[in-house]
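A.B. asks: I am attaching a structure below and will ask some questions about it afterwards.
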Amino acid sequence: MLRYTVKRLLQLAVALLGLTLLLFAWFKALPGGPENMLLPENATDQQREALRASLGLDEPIWAQYADFVGRAVRLDFGSSLSSGRPIATELADRLPATIELSLAAMLIAVGLGIPLGYLAAKRRGTWLDFAAVSGSLLGTCIPIFFLAAMLKVVFAQELGLLPTTFRLSAGSTYTEVTGLRVFDGLITGEFDVAWDAVVHLVLPAIALSSIPLAVIVRITRASVLDVVGEDYVRTADAKGLKPSVIRGRHVMRNAMLPIATIIGLLLGSLFAGAVLTESVFSFGGIGSFVYQATTERDYPALMGFILVIAVFYVVINLLVDLSYGLLDPRVRVRS
Amino acid sequence: MTIARIEKLDRLIEASVSAREAQTGSLLRQSLRRLKRSPMAVTGGVIVGLFVVVAVLGPFIAPYDPTAQTWGKEVFLNRNIFPGPRAENWFGLDHLGRDMFSRMIVGARQTLLVGIVATLIGFVAGAALGGVAAAAGTFGGRWGERVEAVIMRTVDVALAIPMLLLALSVAALLGPSLSTVMIAVGVAQIPIFARLLRGSMLAQAHSDYVLAAISLGVPKGRIVVSHILPNSLGPVIVQATLVLATAIIEAAALSYLGLGNPDPGSPEWGTMLADAQRFLSGAPQLAIYPAVGIIVTALGFTLLGEAMRESLDPRLRRQE
């Protein structure tokens, strides 16, 4: 297990290095080069020279790359072109909102998806199975920003059941601890804030959960179908074990492996979905920031975001791979 | 043994022979036969077929010019109110007073084009990378293995970036336009196709017929091109069908992020949907028509792709 972990960590380092290379090439290839992005169109040649020198663009390319990696490691991505604040600060301020939203969406997707997928597999061929499978196919086909916008129009604007935008109602006082407002509200005893945050989370989280929910239902169904046909499940049944024991220890434990993989992968893609969802609900997380950065061509901000998200993604994949060892004893023995 | 029993035995033998005949025929024909029996494939096929027919005939059957604007007291731009469905405009008018029904019909072509071009970019580039990697790794000796390692590690890194972000960064390089959207969505699919074809080719490379070809002295290049490649394409083609659905949806998302052409000469569903977001509370129908178009089309390609995947899966084949 230790050797496996070390090997995966080394692979992680190589992948991250490759990623910085790709990003550096991307940054260099941007239209007009960085000085055109940073300076107004009527800048003089002297201004251009000065900026090139200050950005280190006169240095040889390898020195520029080394500088780029060095700054990336120190989380120094420069300043946002639109707000002028350091990008690392912008990202750090907005990260809790996106994490809260992603966790809420994942909670919905896992909490509904695994039982639904299990039931669909157990009652294969019934109307429930048909509804679950066709519903999940449909779920992957709805553009997420359209779903978010329709939810907002119907439930927030027309019916007025839920708030349309932001994370808390205007004028509410709130003590910030972690930035995860539901959690903060609970630990500081401000239950009204926690409830307000939950109410604001409902619609964005439902919209964001549509794709992961669809994927989890289908993977769970397929995975459970694979396992229930195994001899050990029939044996357990024949021994007269309680259905709940068979379900927990024999079926679900073995079916969890592919489900865990897909949950890990989905967590990464949630960030991409968050860009679209947050912009609809003005949620104030990383997603809104990227939406803004994209529409305003704020390239340094985009680069910082891509780097941070890619690191997240790669680390999540590593954790998923390592969790195999915990979920499946065979992996532990083999490595 | 009575005559009746002999006759019954005869009939049993006959049945088993015809059953075996049904099992023979090429794998492709077997898969096709299974596809025709699958309700998923038939539904998907009908949707995709209709979509393609509309895409081809679009400009000829549309009642109005999709770009002709009717100005006047009917369209109140500042109040976000537009005429809804009525006898002469089945789907109403859009924010510039253009006939929505005609725009939907004509837009099918651009939408299909976006999907196909994006998928082709991903398919061709990804298959080339994956194919070269697999061929070099199998037959290229030590240097070939290095080539394979370099290609596949790069692909792994690209896979580490969520697809929408990859598309975003490509779009940032190229500036906003519809071809940017196609290229961005296509490029984002390259790593998936590369991994898939390489995996599929490696699985074929160890099969008996490849060994037979090697021992007969068939040149390595020909083994790859005419033996391994045709047998490895199945899963990649299935993926391409599924990617077509994703590409249409992703293209709409990129248009929504402002990376498409805000108002191209000929209508396209993704751009229409992104455009209509501004008028959602006053005129939701402007978003609903293109959205339903996109959802149904994506569903059609998904159903077809999933059914094809099932019909190619040898594990499911055994269960029959």
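A quick yes/no check of all residues on (1) open to solvent by 60 Å² or more (accessible area, probe 1.4 Å); (2) modelled with pLDDT of 85 or more; (3) in contact with a helix residue (DSSP H, G or I) (Cβ under 7 Å, 6 or more places away or on another chain):
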residue	(1), (2), (3)
B:GLY131	no, yes, yes
B:ALA134	no, yes, yes
B:GLY144	no, no, yes
B:ARG153	yes, no, yes
B:ALA167	no, no, yes
B:VAL170	no, no, yes
B:ILE183	yes, yes, yes
B:LEU216	yes, yes, no
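A.B. asks: Can you spot a residue in the range B:284-292 that is open to solvent by less than 10 Å² (accessible area, probe 1.4 Å) and more than 11 Å from chain A (Cβ to nearest Cβ)?
C.D. replies: Within the range B:284-292, one or more residues are open to solvent by less than 10 Å² (accessible area, probe 1.4 Å) and more than 11 Å from chain A (Cβ to nearest Cβ).
A.B. asks: Here are some conditions: (1) hydroxyl-bearing (Ser, Thr, Tyr); (2) open to solvent by less than 50 Å² (accessible area, probe 1.4 Å); (3) under 29 Å from A:PHE183 (Cβ atoms). A:SER83 meets all but one. Which one does it not meet?
C.D. replies: It is condition (2) that A:SER83 fails.
Table: residues versus (1) more than 8 Å from chain A (Cβ to nearest Cβ); (2) among the aliphatic types (A, V, I, L, M).
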{"residue": "B:ARG146", "(1), (2)": "yes, no"}
{"residue": "B:VAL150", "(1), (2)": "yes, yes"}
{"residue": "B:LEU159", "(1), (2)": "yes, yes"}
{"residue": "B:MET163", "(1), (2)": "no, yes"}
{"residue": "B:SER169", "(1), (2)": "no, no"}
{"residue": "B:THR180", "(1), (2)": "yes, no"}
{"residue": "B:VAL185", "(1), (2)": "yes, yes"}
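A.B. asks: A further question on this structure: Yes or no: A:VAL224 assigned to a helix (DSSP H, G or I), in contact with a Phe, Trp or Tyr (Cβ under 8 Å, 6 or more places away or on another chain), of a type in the set (A, V, I, L, M, F, W, C) and modelled with pLDDT of 85 or more?
C.D. replies: Against the criterion (assigned to a helix (DSSP H, G or I), in contact with a Phe, Trp or Tyr (Cβ under 8 Å, 6 or more places away or on another chain), of a type in the set (A, V, I, L, M, F, W, C) and modelled with pLDDT of 85 or more), A:VAL224 qualifies.
A.B. asks: Does the range A:124-133 contain any residue that is modelled with pLDDT under 80 and among the aromatic types (Phe, Trp, Tyr)?
C.D. replies: Scanning the range A:124-133, I find no residue that is modelled with pLDDT under 80 and among the aromatic types (Phe, Trp, Tyr), so the answer is no.
A.B. asks: Among the numbered conditions (1) facing another protein chain (nearest Cβ under 9 Å); (2) closer than 21 Å to A:CYS141 by Cα; (3) surrounded by fewer than 24 Cβ atoms within 10 Å (Cβ to Cβ); (4) in contact (Cβ under 8 Å) with a residue 12 or more places away in the chain, tell me where B:VAL238 comes up short.
C.D. replies: (1) is the only condition that B:VAL238 fails.
A.B. asks: To continue, here is another question. For the range A:138-160, what are the residues that are open to solvent by less than 30 Å² (accessible area, probe 1.4 Å) and out of contact with any Phe, Trp or Tyr (no Cβ under 6 Å at 6 or more places or on another chain)?
C.D. replies: Selection gives A:GLY139, A:CYS141, A:PRO143, A:ILE144, A:PHE146, A:ALA148, A:ALA149, A:LEU151, A:VAL153, A:ALA156.
A.B. asks: Moving on. Quick check on my filter: what residues within the range B:258-275 are surrounded by fewer than 24 Cβ atoms within 10 Å (Cβ to Cβ) and within 11 Å of chain A (Cβ to nearest Cβ)?
C.D. replies: B:GLY258 - this is the single residue of the range B:258-275 that is surrounded by fewer than 24 Cβ atoms within 10 Å (Cβ to Cβ) and within 11 Å of chain A (Cβ to nearest Cβ).
A.B. asks: Which of (1) under 28 Å from A:VAL202 (Cβ atoms); (2) without any contact (Cβ under 8 Å) to a residue 40 or more places away in the chain does A:ILE263 not meet, given it meets every other one?
C.D. replies: The failed condition is (2).
A.B. asks: Would the range A:57-76 turn up any residue that is surrounded by 16 or more Cβ atoms within 10 Å (Cβ to Cβ), hydrophobic (A, V, I, L, M, F, W, C), assigned to a helix (DSSP H, G or I) and within 15 Å of the chain's Cα centre (by Cα)?
C.D. replies: no
A.B. asks: Which of the residues spanning the range A:237-254 are out of contact with any Asp or Glu (no Cβ under 7 Å at 6 or more places or on another chain), in a helix (DSSP H, G or I) and surrounded by 15 or more Cβ atoms within 10 Å (Cβ to Cβ)?
C.D. replies: Within the range A:237-254, A:ARG247, A:HIS250, A:VAL251, A:MET252, A:ASN254 meet the criteria.
A.B. asks: Between A:SER279, A:SER269, A:SER209, which is under 29 Å from A:ALA149 (Cβ atoms), within 13 Å of the chain's Cα centre (by Cα) and modelled with pLDDT under 85?
C.D. replies: Exactly one of A:SER279, A:SER269, A:SER209 is under 29 Å from A:ALA149 (Cβ atoms), within 13 Å of the chain's Cα centre (by Cα) and modelled with pLDDT under 85, namely A:SER269.
A.B. asks: Run down A:PRO204, A:PRO163 and say which single residue is open to solvent by 30 Å² or more (accessible area, probe 1.4 Å), away from every other protein chain (no Cβ under 14 Å) and under 30 Å from B:GLY270 (Cβ atoms).
C.D. replies: A:PRO163
One line per residue, one yes/no per condition, for (1) at pLDDT below 85; (2) within 26 Å of A:VAL154 (Cβ to Cβ):
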residue: B:ALA240; (1), (2): no, no
residue: B:LEU254; (1), (2): yes, yes
residue: B:LEU280; (1), (2): yes, yes
residue: B:LEU286; (1), (2): yes, yes
residue: B:ALA307; (1), (2): yes, no
residue: B:PRO314; (1), (2): yes, no
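A.B. asks: Of the residues B:VAL224, B:VAL243, only one is within 21 Å of B:ALA127 (Cβ to Cβ), under 20 Å from the mean Cα position of the chain (by Cα) and open to solvent by less than 30 Å² (accessible area, probe 1.4 Å); which?
C.D. replies: Sole residue among the options that is within 21 Å of B:ALA127 (Cβ to Cβ), under 20 Å from the mean Cα position of the chain (by Cα) and open to solvent by less than 30 Å² (accessible area, probe 1.4 Å): B:VAL243.
A.B. asks: Can you pull out the residues in the range A:294-307 that are more than 9 Å from chain B (Cβ to nearest Cβ) and either open to solvent by less than 10 Å² (accessible area, probe 1.4 Å) or not in a helix (DSSP H, G or I) (or both)?
C.D. replies: Matches in the range A:294-307: A:GLU296, A:ASP298, A:ALA301, A:GLY304.
A.B. asks: Condition test on B:SER255, is it touching a residue at least 24 places away in the same chain (Cβ under 8 Å), of a type in the set (S, T, N, Q) and open to solvent by less than 20 Å² (accessible area, probe 1.4 Å)?
C.D. replies: yes
A.B. asks: Quick check on the range A:99-134: of everything there that is within 14 Å of chain B (Cβ to nearest Cβ) and open to solvent by 40 Å² or more (accessible area, probe 1.4 Å), which residue is nearest to the chain's Cα centre (by Cα)?
C.D. replies: This residue is A:SER134.
A.B. asks: Can you tell me which residue within the range A:261-287, out of those that are open to solvent by 20 Å² or more (accessible area, probe 1.4 Å) and in contact with a Ser or Thr (Cβ under 6 Å, 6 or more places away or on another chain), is farthest from the other protein chains (Cβ to nearest Cβ)?
C.D. replies: Across the range A:261-287, the extreme among qualifying residues is A:SER282.
A.B. asks: I would also like to ask the following. Looking for whichever is open to solvent by 20 Å² or more (accessible area, probe 1.4 Å), assigned to a helix (DSSP H, G or I), farther than 22 Å from A:LEU326 by Cβ and in contact with a Ser or Thr (Cβ under 6 Å, 6 or more places away or on another chain) here; the options are A:ARG234, A:ARG218. Which one fits?
C.D. replies: Answer to the selection: A:ARG218.
A.B. asks: Counting only residues that are at pLDDT 85 or above and farther than 15 Å from B:GLN239 by Cβ, which one in the range B:196-209 is least open to solvent (accessible area, probe 1.4 Å)?
C.D. replies: B:TYR209
A.B. asks: State whether the residues of the range B:114-122 include one that is away from chain A (no Cβ under 13 Å) and touching a Lys or Arg at 6+ places or on another chain (Cβ under 7 Å).
C.D. replies: no
The values are calculated or read from the model by the stated rules, or taken from the named source; none is laboratory data. Since the structure is predicted, the reported quantities are computational estimates derived from the model, not experimental observations. Glycine also receives a Cβ, built like all others from the backbone with ideal geometry; neighbour counts cover every protein chain displayed. To get the accessible areas, we keep the full protein, side chains included, count just its heavy atoms, and leave off ligands, DNA and RNA. Shrake-Rupley method; radii C 1.70, N 1.55, O 1.52, S 1.80 Å.
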